[in-house]
Amino acid sequence: MGAMAASSDTVLRSEPRPGIAQLTLNRPDKLNAMTGELVQALHEHLDEIAVDPDVRVVVLTGAGRGFCAGLDLGGYGTAPHTERMGRTQAGFAVQKHIASLIPHLRSLPQPVIAAVNGAAAGGGFALVLGSDVRLAARASKFNAAFIRIGLSACDIGTSWVLPRLIGAARAQELMLTGRVFDAEEAYRIGLVVDLVDDHALLDTAYAKAEQIMLNAPFGVALTKEGMWSALEIPGMQAAIDLENRQQIMASATSDHREAMQAFLERRPPNYTNS
């Protein structure tokens with residue numbers, strides 16, 4: 001497939017409000033199913049956003065009536081730089097091309113809000129899990145679809161993230177059955193933090209983003225990094241050791257001093273990420 005520009009219309013980037021970058025998966029006729037082109041475009045947009053000082057929060061959503069239906073069973077295409085590989089090697093490269101989206105989302109300094117507007121299945125379900133905040137429209141539905149097509153449900157980080165979000169017992173049942181569950185259940189089990197009417201989904205996501213943007217960029221980035229790292233740390237003391245270092249780093253910034261002064265003066269802070 002070669003290197004693709006992030007301008008590919010399979011993923012659209014917009015700035016609906018200051019500080020917010022919206023990434024819209026844009027294959028609505030296929031419920032935004034994943035192809036090599038879409039996945040590569042998403043990777044490239046994330047690379048660009050990671051170093052964009054004007055972006056504070058990312059909103060990830062889908063065009064049309066679906067969020068993302070997972071792998072396009074009609075044909076994914078190829079991963080970049082696989083033209084001279086054998087079949088097994090090229091297939092492995094495709095698997096890594098998709099699965100690396102989850103650590104890519106995790107490594108982004110900006111929080112990612114998944115605004116789930118419809119079906120989120122398979123790889124689309126994994127994108128929801130890999131986001132930092134998950135909101136759902138009432139029309140949304142979810143499932144670990146991999147197992148329904150003769151594969152393992154343990155794919156694209158799902159076996160690691162899902163049990164940590166909703167508990168092992170619920171995760172095992174959802175992954176072993178692959179059943180479709182609705183937005184009401186997703187909210188009840190804690191998979192999503194808000195359940196909203198379909199027409200209000202994006203405005204709710206933007207409002208949540210603006211709540212996040214009331215905090216200093218460095219503090220937000222450290223919090224995101226620290227929370228994800230804490231999920232991987234086996235003991236409390238290791239997490240506390242990391243927290244201690246983060247707090248000292250943040251306390252040395254101009255934004256910390258500005259936040260303290262703004263609080264005392266009862267005014268909004270003016271952050272410069274310095």
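The numbers here are math on the coordinates, done by the rules we state, and not lab data. Given the structure is predicted, the values throughout are model-derived calculations rather than measurements. Here the Cβ positions follow ideal geometry from the backbone for every residue, glycine too, while neighbour counts run over all protein chains shown.
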Under 25 Å between alpha carbons, and skipping anything fewer than 8 positions from Lys30 in its own chain: which lysines qualify? Lys96, Lys141
Which ³J(HN,Hα) values, rounded to whole Hz and listed in residue order, are derived for the stretch 142-148 from phi using the Karplus coefficients 6.51, -1.76 and 1.60 in 6.51 cos²θ - 1.76 cosθ + 1.60 with θ = phi - 60°, glycine and proline given as x? 9, 6, 7, 6, 4, 5, 7
Gly62's amide H: which non-local residues (gap 5+, or another chain) put their own amide H closer than 5 Å, with H modeled 1.01 Å from N in plane and none for Pro or chain starts? Leu25, Asn117
Residue-wise, which Karplus ³J(HN,Hα) couplings in Hz belong to the stretch 61-68, taking 6.51 cos²θ - 1.76 cosθ + 1.60, θ = phi - 60°, and x for glycine or proline? 8, x, 7, x, 9, x, 7, 6
How far is helix 201-212 tilted off the main Cα axis of the chain, in degrees rounded to 10, range 0 to 90? 40 degrees
Projected area, mean over directions - the stretch 1-151, Cα convex hull, nm²: 8.8 nm²
For the chain, what size does the Cα cloud have along each of its three principal axes, sorted from largest down, in whole Å? 60, 41, 41
Estimated translational D of the stretch 135-274 in µm²/s (Stokes, Kirkwood radius over Cα pairs; 20 °C; 1.002 mPa s): 119 µm²/s
Going from the alpha-carbon gyration tensor of the stretch 1-75, what semi-axes, largest first and in whole Å, does one get by taking the root of 5 times each eigenvalue? 22, 15, 8
Between Lys141 and residues 5 or more places away or on another chain, the pairs with built amide H atoms under 5 Å apart involve Gly118, Ala119, Ala120
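Which order do the peptides 106-117, 229-240, 155-166, 12-23 come out in when sorted by mean C-beta neighbours inside 10 angstrom, highest first? Kindly include the intermediate steps, with their values, before the conclusion.
Details: 106-117: 23.0, 229-240: 11.8, 155-166: 18.7, 12-23: 16.0.
Result, highest mean first: 106-117, 155-166, 12-23, 229-240.
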In degrees, nearest ten, helix 168-177 long axis to first principal axis of the chain (Cα): 30 degrees
Show me, for the stretch 32-41, the HN-Hα J-couplings you get by feeding each phi into the Karplus relation (A = 6.51, B = -1.76, C = 1.60, θ = phi - 60°), rounded to Hz, glycine and proline as x. 6, 4, 7, 10, x, 5, 5, 5, 5, 4
